[in-house]
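Please read the structure below before turning to the comments.
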Amino acid sequence: MGALIVVGLIALVVIVFAVQGLKIIRQGETKVIERLGRYHSTLSSGINIIWPILDRPRKVYTRYVVTRMNGATQTLIRMSDVIDLREQVYDFPEQSVITKDNVTTSINALLYFQITDPFKSVYEIENLPNAIEKLTQTTLRNIIGELELDETLTSRDTINSRLREVLDEATNKWGVKVNRVELQDITPPESVRRAMEQQMQAERERRAKILKAEGDKTSKILYSEGEKEAQINQAKAQKESQILMAQGEAEAKILQAKAEAEAIEKLAEAIKGTSSDPASYQIALKYIETLKEMTSGKDNKTVYIPYEATSLLGSLGGIKEILKG
């Protein structure tokens, strides 16, 4: 009976040791195993077997963010034997930094990093979360201290890139890869914010005045150009009108001259064979038309007889001869 009890106890101890020696590691996590105080192995995801008494997982510092009942968040650092290999995000609390032009500004940042070498993260640094936080704060102060406030507000991408490069180089020996750094808020003092708002308002007003002046200038230029084109078009129209009128008068005179020439030709044919002169006939007609115009007015009581009255009478005699012919 006693032998059965001993065998049962041995079996129980073996089962307990086997259960303690069986380690299941989740995907994306690992454990660093030490055998008698020295590094032995790094467990991979899945089922792993260790010696319960000889092998122990090394505990490391881990950063946790806890949300309270009132909605406030609190950052805690605890000890754990699990090393998370996934990309982690550290939301650092707001801190005060001084710019190159001596303006105190509050900045908080986000850090995205990943543990790539668990061995280095355990044995090269004592408290990895605290070391990353302090390094980020000091590096951020150094970078902001080289920039003025305006550059700080407008150069977030530049600050993020420089901060990531410095942190990635410094944490490389800790087995950590810094993937991204983001500045969340940059908050200058209230007095500086008011001054910046006034400056922005003045700048907007200045731009508005410049735009209005440029608009007025453009409007006046367009108006003057329109008037200029209108005057040019009007002058061209008057010129073309005068040219057309002159051409019309010239054509009318040509037609009149042709008509008179034809009349003279027909008159010459009519009086052919007589002793009358066609020119004298035309002159007599002109005299008669002129006398008619001179006596056509209702207030004309005086009749002027030309000095060449004898020529007129001779012309009338010529007309009489033509009629007789």
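The values are calculated or read from the model by the stated rules, or taken from the named source; none is laboratory data. Because the structure is predicted, anything quoted here is derived from the model rather than measured. All Cβ positions, glycine included, derive from the backbone under ideal geometry; neighbour counts span all protein chains shown. The protein model used for the area step is the full one, side chains on, heavy atoms only, and it has no ligands, DNA or RNA in it. Shrake-Rupley method; radii C 1.70, N 1.55, O 1.52, S 1.80 Å.
Database remark: amide H of ILE77 closer than 5 angstrom to the amide H of TYR64 (H placed geometrically; neighbours at sequence offset of 5 or more, or on other chains; Pro and chain starts carry no H).
Place a point 7 Å from the Cα of GLU190 along the Cα-to-Cβ direction; which residues of region 86-103 have their backbone N under 20 Å from it? Zone members listed by number: 94-97, 103.
Amide hydrogen proximity for SER41: with H placed 1.01 Å from N in the peptide plane, the residues at 5 or more positions away or on another chain lying under 5 Å are ILE33.
Measuring r between the beta carbons of THR104 and VAL7 and using R0 = 45 Å, the FRET efficiency lands at 0.05. Look at the alpha carbon pairs under 8 Å that are at least 6 residues apart: their mean separation over the length of region 136-228 gives a relative contact order of 19 percent.
Would you kindly state how much longer the chain becomes between ILE243 and TYR123 on full extension, computed as 0.36 nm times their sequence separation minus their alpha carbon distance, in nm to one decimal?
On the way: separation 120, 0.36 × 120 = 43.20 nm, distance 10.54 nm.
Answer, rounded to one decimal: 32.7 nm.
Can you tell me how much longer the chain between THR75 and GLU229 gets when fully stretched, taken as 0.36 nm per residue apart minus their C-alpha distance, in nm with one decimal?
Numbers: separation 154, 0.36 × 154 = 55.44 nm, distance 7.65 nm.
That works out to 47.8 nm of additional length.
Applying 0.36 nm per residue to the separation of LEU222 and LYS23 and subtracting their alpha-carbon distance, the gain on full extension is 63.1 nm.
The amide H of LEU85, built 1.01 Å from its N in the peptide plane, has GLU29, THR30 as neighbours under 5 Å, considering only residues 5 or more places off or on other chains. Anything over 24 Å Cα to Cα? Flag those among LYS59/LYS173; LYS100/LYS173; LYS23/LYS173, in the order listed. With Cα atoms farther than 24 Å apart: LYS100/LYS173; LYS23/LYS173. Heavy atoms of the protein chains alone define the surface here; on that basis region 123-273 has 72 Å² accessible area per residue at 1.4 Å probe size. Each residue, LYS173 and ALA208, gets one label point 7 Å from its Cα in the Cβ direction; the gap between the two is 5.9 nm. Here the Karplus curve 6.51 cos²θ - 1.76 cosθ + 1.60, taken at θ = phi - 60°, turns the phi angles of region 152-164 into couplings of 5, 6, 9, 10, 5, 4, 5, 4, 4, 5, 5, 5, 5 Hz, with x standing for Gly and Pro.
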